[in-house]
Amino acid sequence: MRIECPCCGLRDHREFDYGGDALRQRPAHNDTDIDRWSDYVFMRRNPSGLHREFWQHIYGCRQWIVVSRDTVSHQILSVCLASGAHGAGQGLERA
Amino acid sequence: MADASTRLGGYGRIDHGKPVSFTFNGRKMTGRAGDTLASALLANGIRLVARSFKYHRPRGIYAMGVDEPNALVTLNTGARTEPNTQATTVYLYEGLSARSQNCWPSLGFDAMSINDKFSRFLAAGFYYKTFMGPTRKSWMFYEHFIRKAAGMGEATTLDDPDFYEKVHGFCDVMVVGGGPAGLSAAVNAARAGACVVLVEQSPDLGGGLLNMPAGGKADRWIAKQVAFLREAQNVRILNRCSVFGSYDHGSFGLVERLQDHVFPPQKAVLRQRMWTMRARRTILATGALERPIVFGGNDLPGVMLASAARGYLNHFSVLAGRKVVVFTNNDSAYLTASDMAQAGAAVTLVDARPISPSVACARAEKSGVTVRSGHAVAQASGRKRITSVKIAQFDCENGTARDPGKVMQCDLLCLSGGWNPTLHLLWQHGGKPVFDDALATFVPGATIEDGFSVAGSANGRYSTLDCVLDGQAKGLEAAQACGFDLPDGSDDYPALDLTDGWETQLLPVWEVCDSAGKSQKKAFVDLQHDVSVSDLALAHREGYVSAEHLKRYTTLGMASDQGKTANVIALALLAKHRGQTIPEVGFTTFRPPFTPVAVGALAGHETGPNIEPRRHTPMRQWHLDNGAKFIETGIWDRAWYYPKPGEDIEAAYIREARELRKSVGVVDVSTLGKIDVQGPDAAEFLNRVYVNGWSKLPVGKARYGVMLREDGMVFDDGTTTRLSEHHYFMTVTTAGAGAVMSYLEFLLQTCWSDLKVEVTSATDQWAAVAVSGPKTRDLLSSIDSDIDFSNEALPFMGAAEGTMAGLPVRAIRITFTGELGYEIYTPAGFGEALQEAIAAAGSAHDLLMLGIEAFGALRVEKGHVAGSEITGRTTLDDLGLARMGSTNKHHIGQVLARREALTSSDRQQFVGLRPVDPKAVIKGGSILSEPDETPKGHGLGYVTAMAFSPVVGSTIGLGLLSGGRARIGSTVNVVDTVDDTIIPAHVTTPHFYDPEGEKARA
Ligand SMILES: [Zn+2]
């Protein structure tokens, strides 16, 4: 597989590390609700088809990125920096 | 043998003037430069080459390339032994030795051919039924014998003497296959300016054109294309190279055979090169493979694919038979018949179709071929080779041979049942095959995978002209898709018209049954795995309806040739049994590799000590010079112990650990993970990632911190030092460094992008030593430095920056051994100089070199947690660190650490263990149990670390014990299930030495 890093260009997947489901919502840091944290940590989507997932370009710019990938065909539809695309109040729209 | 030599003069593309000697089963033989082992064996009159896999039936050379199912041999001897090699793909070199496999005691007389007589007991699913059912246990007993009887060649257990390399390649257009379509595609893509890689598995370019008579129009055309490609700066030709795998996004696996065609020299050579090629566009010009027709006795030596017989004649100058029968259902075999007749063979062509193609038939008859339309070969006979066939009228409605038929003597039977495009690379990649009724085979669909195109006979084009034109079009199209403009004119590169296309349609014939419509005995579909039509019928009767199940149950298509001659026929026969069409039956999954790949090529340089890169600290040479023994710890090589004469590891580490508590020792801790944390929000950041608070840490002070994972388990620990207002220096464990760094980056780049903090890995930038022991201050004060090491100026957990022996350093007063100690950091390039400066000063202070074995023993005595306790399954409280958790701020893992299961009182807790009998030895990994119970399952916990403690005077252990803290003062059994020993031990606190920490504060 090859991933188009927004900083470094088209690179081989072995330069990247997988980071899992990018649609899960991290609760606010001061949230004390155990269910919301459990959801965030343990409940991951694992679709057959279009998925949005975190990758980190560990042997490159070390940026965390969000890759929209079809888990059946491995086709990659888009890649963007994870920066600002995630976290409290700034969720990704659900694909 | 009377017909020992079948080599003709004046034919072929081999070098008749260059004899090459080789041995086959110990017999000396001579071939010619340019021969394959198969062509040389045929030229020497060898017909019986191997015994089959299951029934040990005699088998000969069947094909001419990678589709060969029968002629598997073992090459060479000793460390270069290579079993299961197709004789058809080995190029002859002086001194080659080959031997038959799967036969005992000899190829001619094979005792195991008795299996053939009992073949009805060895039918489909025999192994499953016999050994995997109720009698499964008998497998244990029989496996050895069966593996011996039904095996392939034996691999050597010696180390591979040669070496292999891996390289990466990039191109605009990759053309796979150097036949008429591939050459045209490569030339035209290159003319447009694209960067082209042309891959050809054979030594020579030309593909199927090389099977035509030498010296004609085709050869001149090839020469012109090749000259252009060799001249072009934007073309790389990889010959003797196979594309074995097709992966995502235009990635391919290629193996280039650099030295397989030359005699293995004494010294190691670069034998093969594995390419990972990334192509923007890929043109598959991979040709088509001929398929046979199935009937009784179709596996005898002397039965051969028609195109192979033609190739052996026209390429290798070998006439494989004098009395030849050609059996076909399509036009292509007429060329074989004509060429062989012209070379002097008596040829009868049997065409299953009622009407022969008029032009091809006239040409064949003019060459002396007897053509019999509407007939079929019903049966082949002979013992160790074919001697006759039965030819009968063919009933094409029912696929049967009409009685009575007529027996005809022959020494070669050539088969053509049609052609299957070689589309493995497309199908490996998920391409969906489409069945073409006219060609009776699978072809690429109307829309194919992004980035691929298919040209030539791989695309179902069966005349040379069509292949060339298709290749030209696909080459230009691919270049255009990569953004290149079309070149002007194409007059210089004309097409090649050999008027060799099909005049009439093929008649699908998969199997010739007897007049009653029954399959014949010994009618094989997959020759390499001995799968016959009756095995397929049996599998069908037993309910194996899916093509995938059929494949696994009968093992059809699962041998080293991957069923290249068998698969489509098997699907057709399954369709017949099920009363369905072939596309309804479906298709089995194709997986890499297309052809076998040596494990050595996949491993490349990554063998032995090079299996992964080793990391060395900057002081490695100093350690080596001073007698250190090294140990691998994860990716690092670390100084393990420094033996005095006569000392083993045990004696050395105990001495080092004992001496340190009396004097001063130094250990290399450069492997610690180091992260530079800077920014106005750095303190807030640390507050969030560590369980303890950082707001009040003054500049010039260090603090021990513990991090949790999001799920509440302990993640990592280490010290962080505040160097200035907004600048912190974090250390993390050697093993955890990568994961911690990635996680901190994740938090800052995603969830906490509002925090003004930057983290930078500084692990490689800093070398570090830990100096500790009661005499440490004396030692450090004797080194020229602007740092005051006194207790007042640099108290416990204090930090200072300055110079030592002229080197820039950071000194932090922390200790892992429990003694007075400092960690001293210096830029990596000065690491060795710092080590030397300390060692030079140390000679006056009895400086002790401490390896990590003793360092680990001292931490066990001191009861610090380390990697063996921070397992990802332990909480802060399990490790006795609950009091560190700050409650007046939020930190990672805080909420989920409150989960019920993580707070129960019977969790395994961190304790010390001291044997009741001081002479007893506690072993790491032992299970802990109640004193009066035999342990069940995982017991009450386990020993995480052990060492001999000079302070205690016995071995001591650290462990995780269920409800451990409440058990302090009681005893448990330490059970070693490997040595079967049980040692009673006192449960203690983990802190065996100076529990109040007074020494470190001295
Ligand atoms: Zn990058």
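Condition first: within 26 Å of B:G245 (Cα to Cα) and either more than 10 Å from chain B (Cβ to nearest Cβ) or loosely packed, with under 13 Cβ neighbours inside 10 Å (or both). Can you find one or more residues in the stretch A:40-47 that meet it? Step through it out loud before you land on a result.
Of all residues in the stretch A:40-47, those within 26 Å of B:G245 (Cα to Cα) come to none.
Scanning the stretch A:40-47, I find no residue that is within 26 Å of B:G245 (Cα to Cα) and either more than 10 Å from chain B (Cβ to nearest Cβ) or loosely packed, with under 13 Cβ neighbours inside 10 Å (or both), so the answer is no.
Residues that are out of contact with any strand residue (DSSP E or B) (no Cβ under 9 Å at 6 or more places or on another chain) and either more than 17 Å from B:A279 (Cβ to Cβ) or in contact (Cβ under 8 Å) with a residue 24 or more places away in the chain (or both) within the stretch B:441-460 comprise just one, B:T447.
In the stretch B:234-249, which residues are under 27 Å from B:T589 (Cβ atoms) and open to solvent by less than 20 Å² (accessible area, probe 1.4 Å)? I'd like the intermediate steps shown before the answer.
Here is the first cut: in the stretch B:234-249, the ones under 27 Å from B:T589 (Cβ atoms) are B:241-249.
Those that are under 27 Å from B:T589 (Cβ atoms) and open to solvent by less than 20 Å² (accessible area, probe 1.4 Å): B:C241, B:S242, B:V243, B:F244, B:G245, B:S246.
In summary, strands (runs of 3 or more DSSP E) completely within the stretch B:160-252 and bearing 1 or more residues that are within 14 Å of chain A (Cβ to nearest Cβ) occur at B:163-176, B:241-246.
For the stretch B:538-573, a tally of residues being more than 26 Å from B:I61 (Cβ to Cβ), among the charged types (D, E, K, R) and in contact (Cβ under 8 Å) with a residue 40 or more places away in the chain returns 2. Scan the stretch A:45-79 for residues that are more than 10 Å from the ligand (Cβ to nearest atom), touching a residue at least 12 places away in the same chain (Cβ under 8 Å) and among the polar types (S, T, N, Q) and the total you get is 4. Checked against (1) surrounded by fewer than 17 Cβ atoms within 10 Å (Cβ to Cβ); (2) within 44 Å of the chain's Cα centre (by Cα); (3) under 30 Å from B:T286 (Cα atoms), B:S381 passes all but condition (3). Just so you know, in the stretch A:56-87 the residues that are more than 11 Å from every other protein chain (Cβ to nearest Cβ) and of a type in the set (A, V, I, L, M, F, W, C) include one that is least open to solvent (accessible area, probe 1.4 Å), and it is A:V67. Just to be sure I understand, how many residues within the stretch B:388-414 are of a type in the set (S, T, N, Q), closer than 30 Å to B:A71 by Cα and open to solvent by 70 Å² or more (accessible area, probe 1.4 Å)? So the answer is 1.
The residues of the stretch B:962-983 that are in a strand (DSSP E or B) and under 48 Å from the mean Cα position of the chain (by Cα), listed by number, are B:S962, B:V972, B:N973, B:V974, B:V975, B:D976, B:T981, B:I982, B:I983.
Scanning the stretch B:744-761 for residues that are more than 10 Å from chain A (Cβ to nearest Cβ) and assigned to a helix (DSSP H, G or I) yields a single hit, B:L744.
Would you be able to say whether some residue in the stretch B:903-916 is without any contact (Cβ under 8 Å) to a residue 12 or more places away in the chain and either within 14 Å of chain A (Cβ to nearest Cβ) or surrounded by 20 or more Cβ atoms within 10 Å (Cβ to Cβ) (or both)?
Let us first name the residues in the stretch B:903-916 that are without any contact (Cβ under 8 Å) to a residue 12 or more places away in the chain, namely B:904.
Right, trim to either within 14 Å of chain A (Cβ to nearest Cβ) or surrounded by 20 or more Cβ atoms within 10 Å (Cβ to Cβ) (or both) and you get none.
So far as the stretch B:903-916 goes, no, none of its residues is without any contact (Cβ under 8 Å) to a residue 12 or more places away in the chain and either within 14 Å of chain A (Cβ to nearest Cβ) or surrounded by 20 or more Cβ atoms within 10 Å (Cβ to Cβ) (or both).
Any residue at all in the stretch B:949-956 that is assigned by TED's automatic domain parsing to the domain that holds B:A985 and within 43 Å of the chain's Cα centre (by Cα)? Can you show your working first?
First, pick out the residues of the stretch B:949-956 that are assigned by TED's automatic domain parsing to the domain that holds B:A985: B:949-956.
Restricting the remaining residues to those that are within 43 Å of the chain's Cα centre (by Cα) gives none.
Among the residues of the stretch B:949-956, not one is assigned by TED's automatic domain parsing to the domain that holds B:A985 and within 43 Å of the chain's Cα centre (by Cα), which makes the answer no.
Within the stretch B:692-724, the set of residues being closer than 18 Å to B:K889 by Cα and away from chain A (no Cβ under 14 Å) comprises B:N692, B:G693, B:W694, B:S695, B:K696, B:L697, B:R703, B:Y704, B:G705, B:V706, B:M707, B:V714.
Residues that are more than 30 Å from B:A218 (Cα to Cα) and in contact (Cβ under 8 Å) with a residue 24 or more places away in the chain occur at least once in the stretch B:26-45. Among the residues of the stretch B:763-782, those that are more than 14 Å from every other protein chain (Cβ to nearest Cβ), over 19 Å from B:L858 (Cα atoms), touching a strand residue (DSSP E or B) at 6+ places or on another chain (Cβ under 8 Å) and open to solvent by 10 Å² or more (accessible area, probe 1.4 Å) comprise B:Q765, B:W766, B:D778. Per the listing B:A440, B:A495, B:A473, B:A481, the residue uniquely crowded, with 21+ Cβ neighbours inside 10 Å and among the hydrophobic types (A, V, I, L, M, F, W, C) is B:A440. Working only within the stretch B:263-281, note down all residues that are open to solvent by less than 50 Å² (accessible area, probe 1.4 Å) and within 14 Å of another protein chain (Cβ to nearest Cβ). Hits for the stretch B:263-281 are B:W275, B:T276, B:M277, B:R278, B:A279. Quick check: anything in the stretch A:20-43 out of contact with any Ser or Thr (no Cβ under 6 Å at 6 or more places or on another chain) and either assigned to a strand (DSSP E or B) or within 13 Å of the ligand (Cβ to nearest atom) (or both)? Yes - at least one qualifying residue is present in the stretch A:20-43.
Candidates A:A95, A:A85: the one that is within 16 Å of the ligand (Cβ to nearest atom), assigned to a loop (DSSP other than H, G, I, E, B) and modelled with pLDDT under 90 is A:A85. Of the helices (runs of 4 or more DSSP H) lying entirely inside the stretch B:261-366, those containing at least 1 residues that are under 24 Å from B:K522 (Cβ atoms) span B:306-314, B:333-342.
With respect to the conditions (1) open to solvent by 20 Å² or more (accessible area, probe 1.4 Å); (2) of a type outside the set (S, T, Y); (3) under 11 Å from B:V691 (Cβ atoms), B:I892 lacks only one, and its number is (1). Applying the criterion of being closer than 21 Å to B:S251 by Cβ and assigned to a loop (DSSP other than H, G, I, E, B) to the residues of the stretch A:7-19, the residue that is nearest to the ligand (Cβ to nearest atom) is A:C8. Pairing residues of the stretch A:8-34 that are more than 10 Å from every other protein chain (Cβ to nearest Cβ) with residues that are crowded, with 16+ Cβ neighbours inside 10 Å and basic (K, R), at Cβ distances under 6 Å and at least 6 apart in sequence or on separate chains, gives A:L23/A:R52.
The values are calculated or read from the model by the stated rules, or taken from the named source; none is laboratory data. Keep in mind it's a predicted model, so treat the numbers as computed, not measured. Backbone-built Cβ (ideal geometry, glycine too); neighbour counts: all protein chains shown. Surface accessibility is based on the protein's heavy atoms, side chains included, excluding ligands, DNA and RNA. Shrake-Rupley method; radii C 1.70, N 1.55, O 1.52, S 1.80 Å.
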